[in-house]
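S.K.: Sharing a structure with you now.
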Amino acid sequence: MSDQKPVFGHVPVMLRETLDYLVPPAPDCLMVDGTLGLAGHSSAFLDRYASLRLIGVDADPEVQAIAKARLEPYGGRVRFVGSYFDQFFAEYLAGVEAGTEERPALVLFDFGLSMFHFKESGRGFSLQGDEALDMRLDPAAPRTAADLVNELDERELFKVLSEYGEEPFAYKISRAIVRERQAARIDSTGRLADIIRGTVPPKFRYGRIHPATRSFQALRIAVNDEPGRIERGLAAAIDCLAPDGIVACISFHSLEDRIVKLAFREKAVKRERAYFKDARESPIPEGEAERALVVLTKRPVEPADDEVAANPASRSAKLRVARLAKGARS
Ligand SMILES: C[S@@+](CC[C@H](N)C(=O)[O-])C[C@H]1O[C@@H](n2cnc3c(N)ncnc32)[C@H](O)[C@@H]1O
């Protein structure tokens, strides 16, 4: 096992469970880590399986550079791709279908941000300090959080805050933002946090959780189109899987977990339909059995008590795992 010393305080979440579920069907198979981050999970897999090869994908070039340095000892076993995972898997699938790329046997997603983003990036993800209101994973992406805060109309702002942040005061906060930005553009985390604090009812202003926490989460999700990317990326990743391939997803909020649950269910239903048709000896429509998935986690797996005690940031994690049905795509 790798030493797993935290890098920027980041500890890989549910590592034990991920290693237990993602067992390579062959020693020298290919794994794609769709959210390489600081390579905590990836380095553990590379240590455990000496012939495993890995593609590490991350949209953030700064994070990718840290992971590259960390994974240098594994040499040619690792290939790095700087891309959003939905773009990566869409292009990779085209390569698989053209016969130029190898199907991965293992795919891992560990959604969200790493500790680097909150503690070191200076891109406005955190409520500590006062930073530019950016929140882009890829600094080349077109719209920052400040652009959304200053340009969305009140109804759109309300939708972002309530859908992605489940913010109970979304209505009041979006009104206040639209009012305050008329005086001057809202460009910093400090100013936005102050506006939100001044808007929520007094008893919520100085509690244990900063009253802007939900709004910050919502803006980050919107800036990076997190739900859309998970939906598209996971569907394409499943279509890339090798025979007996396994896909695992670690989610941190209900929005992500729901997308994973529905994506697995949709592919698993196709499996049942394929078997049903098989039983009646009618032909299975072309491609139907190929997408067959078996869900290995009927309920999402949650971190054990000792992990939550050691790393409280893991407490909301949920792991779901599925593999291609036997015989599919063989
Ligand atoms: C929770 S961290 C992964 C941590 C990693 N498993 C580890 O142990 O170090 C998630 C990473 O995924 C990246 N990320 C988030 N959404 C992405 C997307 N749509 N495409 C590519 N990378 C993404 C973030 O930049 C971040 O580095």
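S.K.: In segment 241-255, what residues are at negative phi and surrounded by fewer than 22 Cβ atoms within 10 Å (Cβ to Cβ)?
M.R.: Narrowing segment 241-255 to residues at negative phi: 241-243, 245-255.
If the condition is that a residue be at negative phi and surrounded by fewer than 22 Cβ atoms within 10 Å (Cβ to Cβ), then A242, P243, F252, H253, S254, L255 are the ones that fit.
S.K.: Can I ask one more? Filter segment 13-25 down to residues that are touching an Asp or Glu at 6+ places or on another chain (Cβ under 9 Å) and closer than 19 Å to A242 by Cα and give me whichever is farthest from the ligand (Cβ to nearest atom).
M.R.: P25
S.K.: Now a separate question. Name every residue in segment 223-240 that is open to solvent by less than 30 Å² (accessible area, probe 1.4 Å) and assigned to a helix (DSSP H, G or I), in order of residue number. Show your work before the answer.
M.R.: Restricting attention to segment 223-240, the residues satisfying the condition of being open to solvent by less than 30 Å² (accessible area, probe 1.4 Å) are 223-224, 226-228, 230, 233-234, 236-238, 240.
Across segment 223-240, the qualifying residues are V223, E226, P227, G228, I230, G233, L234, A236, A237, I238, C240.
S.K.: Is it fair to say E62 is over 17 Å from A237 (Cβ atoms), among the acidic types (D, E) and touching a residue at least 24 places away in the same chain (Cβ under 8 Å)?
M.R.: Values: over 17 Å from A237 (Cβ atoms): yes; among the acidic types (D, E): yes; touching a residue at least 24 places away in the same chain (Cβ under 8 Å): yes.
It is true that E62 is over 17 Å from A237 (Cβ atoms), among the acidic types (D, E) and touching a residue at least 24 places away in the same chain (Cβ under 8 Å).
S.K.: Considering only segment 19-58, state which residues are surrounded by fewer than 21 Cβ atoms within 10 Å (Cβ to Cβ) and among the β-branched types (V, I, T).
M.R.: V23
S.K.: Run P168 past the list (1) outside any helix (DSSP H, G or I); (2) within 16 Å of the ligand (Cβ to nearest atom) and report the number of the one that doesn't hold.
M.R.: Exception for P168: condition (2).
The values are calculated or read from the model by the stated rules, or taken from the named source; none is laboratory data. Remember, it's a predicted structure, so these values are computed and weren't measured experimentally. With ideal geometry, Cβ positions are generated from the backbone for all residues, glycine too; neighbour counts draw on all protein chains shown. Ligands, DNA and RNA are stripped out before the accessible areas are found, and what is left, the full protein with its side chains, is counted by its heavy atoms. Shrake-Rupley method; radii C 1.70, N 1.55, O 1.52, S 1.80 Å.
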